[in-house]
Amino acid sequence: MICPCGCRAVLHMNLLPDERPCWRVTRHMDGSTSLHPSVWRQKECKSHFWFRKGRVKWCRAA
Ligand SMILES: [Zn+2]
């Protein structure tokens, strides 16, 4: 996915459980998906957000 903050960085979320960090994808009845845990970029734009039911939910900047 592309970083939702607009910086155009391409984010790669590892989904393989034997590698860290990895994310779990939940598929909902309505076909949307959620990611767990939240996505937190440690470099560049430092975006921190949840991806819930196909929508980005921003975490407040610390
Ligand atoms: Zn960004």
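Taking the range 15-61 as the region of interest, the strands (runs of 3 or more DSSP E) fully inside it that hold 2 or more residues being of a type outside the set (Phe, Trp, Tyr) and surrounded by 13 or more Cβ atoms within 10 Å (Cβ to Cβ) are 33-36, 48-52.
Within the bounds of the range 2-10, is there any residue that is in contact (Cβ under 8 Å) with a residue 24 or more places away in the chain and touching a Leu at 6+ places or on another chain (Cβ under 6 Å)? Yes, because at least one residue in the range 2-10 is in contact (Cβ under 8 Å) with a residue 24 or more places away in the chain and touching a Leu at 6+ places or on another chain (Cβ under 6 Å). Restricting the range 1-34 to residues that are among the β-branched types (Val, Ile, Thr) and in contact with a Lys or Arg (Cβ under 7 Å, 6 or more places away or on another chain) leaves a set whose member that is modelled with the highest pLDDT is Thr33. For the range 11-57, the candidate set comprises residues that are more than 10 Å from the chain's Cα centre (by Cα) and touching a residue at least 24 places away in the same chain (Cβ under 8 Å); within that set, the residue that is farthest from the ligand (Cβ to nearest atom) is His28.
The values are calculated or read from the model by the stated rules, or taken from the named source; none is laboratory data. The model shown is predicted, which means the values in this text are computed figures rather than measured ones. Methodologically, a virtual Cβ is constructed for each residue, glycine included, from the backbone with ideal geometry; neighbour enumeration extends over all protein chains shown.
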